[in-house]
Amino acid sequence: MITLDDAVARLTKGDVVALPTETVYGLAGLALNIETVKKIFTIKGRPATNPLIVHTSSLEKAEELCEINDWANKIASQFWPGPISMVLPKKDIVPNIVTAGNETVAIRVPQHPVFLEILKKLEQPLAAPSANPSNRTSPTEAKHIKELFEENSPPTVDGGKAEVGLESTVIDLSAGTPTILRPGMITRTELANCLGMDVGTLKSKTQYKQVGKDTQSSAPSPGMQPIHYAPKTPLNLYHSVGEFWDSQNFDTGDVIIVSEEKIAEEIRAKGLPDSTYLSADGCPHEIAQNLYSTLIEQDAQKANRMHLIFSGASTGVNWAILDRLRRAART
Ligand code: AMP
Ligand code: MG
């Protein structure tokens with residue numbers, strides 16, 4: 001672990017460090033330094049086609065990097081600093097490597113006091129994708145970074161457990177109508193109310209397969225089913241205890257995670273082993289906050305399989321949770 005001042009010194013030199021944000025921990029480096037940005041892609045093993053989000057300390061600083069329009073002004077005044085990134089036309093100063101060659105850049109002013117203070121001290125923008133190897137579960141606590149990267153762990157500032165626990169909402173405001181590219185804690189309804197108009201969503205091109213018994217035959221075809229946010233242990237997703245029970249997928253030693261305590265009781269009533277619940281009463285914010293830490297902790301048990309039962313409907317914050325769960329699940 002390193003101190004905030006040490007992080008500032010390392011970042012100034014062009015090094016990459018892991019920093020706390022309110023969403024998940026970020027792998028941060030100077031966004032305008034091409035060599036640093038290359039290091040971020042290398043450490044994560046991230047494909048060059050996946051653009052990075054750039055973080056600034058204020059809307060004024062963001063304006064140095066992109067064209068701010070009326071929608072962006074409205075969203076920034078209501079939600080920044082906070083867990084929402086806006087995709088806007090980029091200015092020339094932003095290197096192409098950051099945006100994966102796109103003419104747009106994703107920008108966010110984060111809320112975490114440590115990250116904000118570092119941005120203010122640096123007076124330079126930071127690119128910071130989630131601090132996990134590409135496609136793995138994002139870290140929400142400093143200790144997860146060591147678990148995920150092992151001996152290749154970047155120096156990390158410990159800022160406690162991430163309050164939100166899910167990556168930022170990403171909204172494209174660069175052309176056409178505002179469109180949510182990635183759901184998050186700031187919901188579609190909140191954004192529609194803020195802008196005074198309906199907000200579109202990017203429908204996944206992928207059809208997620210129903211839970212199947214044979215993980216081999218239902219393995220995703222490359223490029224067809226996006227695997228992301230994934231634990232190493234295969235994860236099966238169900239929407240009710242009945243669906244889980246009917247699948248007859250459970251084997252002794254498998255791990256069971258459920259969204260709320262009452263589902264854990266139903267599981268127990270069926271004579272199955274104890275499960276871990278993400279929230280006592282099914283509160284979406286609490287589920288979001290505990291989701292990745294639970295996945296990372298249960299992954300460390302090296303069970304043959306993890307089963308996750310999430311009963312919430314796909315609206316509001318639950319939409320963001322289900323989006324991550326579908327991508328984390330292998331079946
Ligand atoms: P992460 O850095 O892991 O939180 O992921 C950042 C995500 O933001 C990317 O995977 C994209 O989905 C999205 N993103 C970043 N920059 C852009 C951009 N210029 N245009 C569209 N989406 C973007
Ligand atoms: Mg990520």
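Would you say residue 302 is basic (Lys, Arg), under 25 Å from the mean Cα position of the chain (by Cα) and farther than 23 Å from residue 165 by Cβ?
Numbers: basic (Lys, Arg): yes; under 25 Å from the mean Cα position of the chain (by Cα): yes; farther than 23 Å from residue 165 by Cβ: yes.
So residue 302 fits the description; yes.
Counting just the residues of the stretch 35-49 that are loosely packed, with under 13 Cβ neighbours inside 10 Å and on the phi < 0 side of the Ramachandran plot, which one comes out farthest from the chain's Cα centre (by Cα)?
Filtering the stretch 35-49 for residues that are loosely packed, with under 13 Cβ neighbours inside 10 Å and on the phi < 0 side of the Ramachandran plot, the one farthest from the chain's Cα centre (by Cα) comes out as 35.
Scan the stretch 89-124 for residues that are surrounded by 19 or more Cβ atoms within 10 Å (Cβ to Cβ) and among the small types (Gly, Ala, Ser) and jot them down.
Across the stretch 89-124, the qualifying residue is only 106.
In the stretch 154-177, what residues are touching a residue at least 60 places away in the same chain (Cβ under 8 Å), of a type outside the set (A, V, I, L, M, F, W, C) and part of a loop (DSSP other than H, G, I, E, B)?
Within the stretch 154-177, 154, 155, 158, 159, 160, 161, 163, 165, 167, 168, 174 meet the criteria.
If you check every pair at least six apart or on different chains, which have Cβ atoms under 9 Å apart with a residue in the stretch 36-52 that is under 21 Å from residue 90 (Cα atoms) first and a residue that is within 11 Å of ligand 2 (Cβ to nearest atom) and of a type in the set (A, V, I, L, M, F, W, C) second?
Short answer, once both residue conditions are applied: 37/52; 40/27; 40/52; 40/128; 41/52; 52/128.
So is residue 56 within 15 Å of ligand 2 (Cβ to nearest atom), more than 15 Å from residue 89 (Cα to Cα), of a type in the set (Val, Ile, Thr) and touching a Leu at 6+ places or on another chain (Cβ under 8 Å) or not?
Numbers: within 15 Å of ligand 2 (Cβ to nearest atom): no; more than 15 Å from residue 89 (Cα to Cα): yes; of a type in the set (Val, Ile, Thr): yes; touching a Leu at 6+ places or on another chain (Cβ under 8 Å): yes.
So residue 56 does not fit the description; no.
Is there a residue in the stretch 8-22 that is surrounded by 24 or more Cβ atoms within 10 Å (Cβ to Cβ), among the small types (Gly, Ala, Ser) and under 18 Å from the mean Cα position of the chain (by Cα)?
yes
Going by the structure shown, is residue 104 under 28 Å from residue 197 (Cβ atoms) and within 15 Å of ligand 2 (Cβ to nearest atom)?
Taking the combined requirement at face value, the residue does not satisfy it.
Bear in mind these aren't lab numbers, they're just calculated from the coordinates by the rules spelled out. Note that the structure is predicted; figures quoted are calculated from it, not measured. Because the Cβ atoms are built from the backbone with ideal geometry, glycine has one as well, and the counts that use them run over all protein chains shown.
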